[in-house]
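In what follows, a structure is listed as structure tokens, so that the remarks can point back to it.
The values are calculated or read from the model by the stated rules, or taken from the named source; none is laboratory data. Worth saying up front: this structure is predicted, and the values here are computed from it rather than measured. Ideal geometry is used to build each Cβ from the backbone, glycine not excepted, and the neighbour counts take in all protein chains shown. For the accessible areas, the whole protein counts, side chains as well, though only heavy atoms, and no ligand, DNA or RNA atoms are used. Shrake-Rupley method; radii C 1.70, N 1.55, O 1.52, S 1.80 Å.
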Amino acid sequence: MDKHVLLTVSDDTSCLCSLRFACGYFQNTHALHITLLYVAPNPRAGLTQADIMADYHLLSRREASIRQQAEEAVARAADFLVGKGFPEANIHKKISYKQFGTATDIIQEGMAGIYDAIGLGRRGISRLEELLSESVSKQVFVTPLDIPLWISRSTEKPLPHALLCTDGSPASLRCADHMAYMLRDEPQHQISVAYIDRGANLDQVRHVFAQARDILTQGGIAAERIHDVILDGDDPAETILRHTQEVPYGVVGIGRTGKGETHSLHLLGSVSMRLFRKLDWATLWICH
């Protein structure tokens, strides 16, 4: 079955990060479809009905200008993918005008039911700005989603292999299922299943690994591609970050909330939120 990913496009060159990841990480691109979504400014924004009635051509000119800018941005993104060897027939283009805000519009398109993930590029801003800014990717991340979210900030060619962080929570197991589906036809990638040991008994650790392995193998990942990794550390986020700097991966997968974490949308201390802010050398796959 073909996969279908929604990648957002804008005039911000950082948004190419998600495109670089998609065409650099996947080799079986004939089984991967990409929809390039450009959410354009609403040409009616700032205009009253009286303004439109007084000069209807003003609205027409704005619509034409915005549409041209959007088409050029989407065309550049498509050309980039084709130039990297991505099949042109698998690239789809969509332009929509902002209705409820860029983040909400992306969510609504992503929740349409035909996509397996939403991919976003992140602007390279400081840690404090990331915490305070209401950037598009931050808004999407703190909004409930039933679709995996990919956050790509690296401008380098993605590294091979994937790290699946699991504690046995439902969200982490959904991430295992998503990883199996996306990578079952990508045998060049090994999958390391990571569990952070903070004093759990051996039976519990074995159970967590067995759950993740079962989902991966049932999803089509050969057993020899799966490896267990036990990490030691009291701070899960820092432990994961340190490990991924020592052992490079192209993808780090994690559930939005782990065992014992609240489902509050604004829990900045959650492991996934901290990885969201700090991980910039691999693409982060988040499943809710």
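Every condition in (1) within 22 Å of Ala237 (Cα to Cα); (2) surrounded by fewer than 23 Cβ atoms within 10 Å (Cβ to Cβ) is met by Gln188 except one, and the failing one is (1). Looking only at segment 209-254, filter to residues that are over 21 Å from the mean Cα position of the chain (by Cα), at pLDDT 95 or above and among the small types (Gly, Ala, Ser); which one of those is nearest to Ser172 (Cα to Cα)? Of everything passing the filter in segment 209-254, Ala210 is nearest to Ser172 (Cα to Cα). Cβ-Cβ distances below 6 Å connect the following pairs, each with a first residue in segment 216-233 that is over 13 Å from Asp185 (Cα atoms), a second residue that is of a type in the set (Asp, Glu) and open to solvent by 30 Å² or more (accessible area, probe 1.4 Å), and a separation of six or more residues or different chains: Ile230/Asp197; Asp232/Asp197. Looking only at segment 229-260, residues that are open to solvent by 20 Å² or more (accessible area, probe 1.4 Å) and in a strand (DSSP E or B) come to 3 in all.
Count of segment 156-191 residues, restricted to those that are closer than 16 Å to Thr283 by Cα and in contact with an Asp or Glu (Cβ under 8 Å, 6 or more places away or on another chain), is 2.
Can you tell me which residue is modelled with the highest pLDDT among those in segment 24-71 that are among the acidic types (Asp, Glu) and assigned to a helix (DSSP H, G or I)? Filtering segment 24-71 for residues that are among the acidic types (Asp, Glu) and assigned to a helix (DSSP H, G or I), the one modelled with the highest pLDDT comes out as Glu71.
Those strands (runs of 3 or more DSSP E) of segment 76-186 in which at least 1 residues are under 16 Å from the mean Cα position of the chain (by Cα) and modelled with pLDDT of 90 or more, considering only elements entirely within it, cover 117-121, 149-152, 162-165.
If the condition is being in contact with a Cys (Cβ under 8 Å, 6 or more places away or on another chain) and either within 16 Å of Val5 (Cβ to Cβ) or among the acidic types (Asp, Glu) (or both), then segment 161-176 contributes only Cys175.
You will find that of Ile221, Ile226, the residue that is over 15 Å from Gly253 (Cα atoms), aliphatic (A, V, I, L, M) and open to solvent by less than 50 Å² (accessible area, probe 1.4 Å) is Ile221 and no other.
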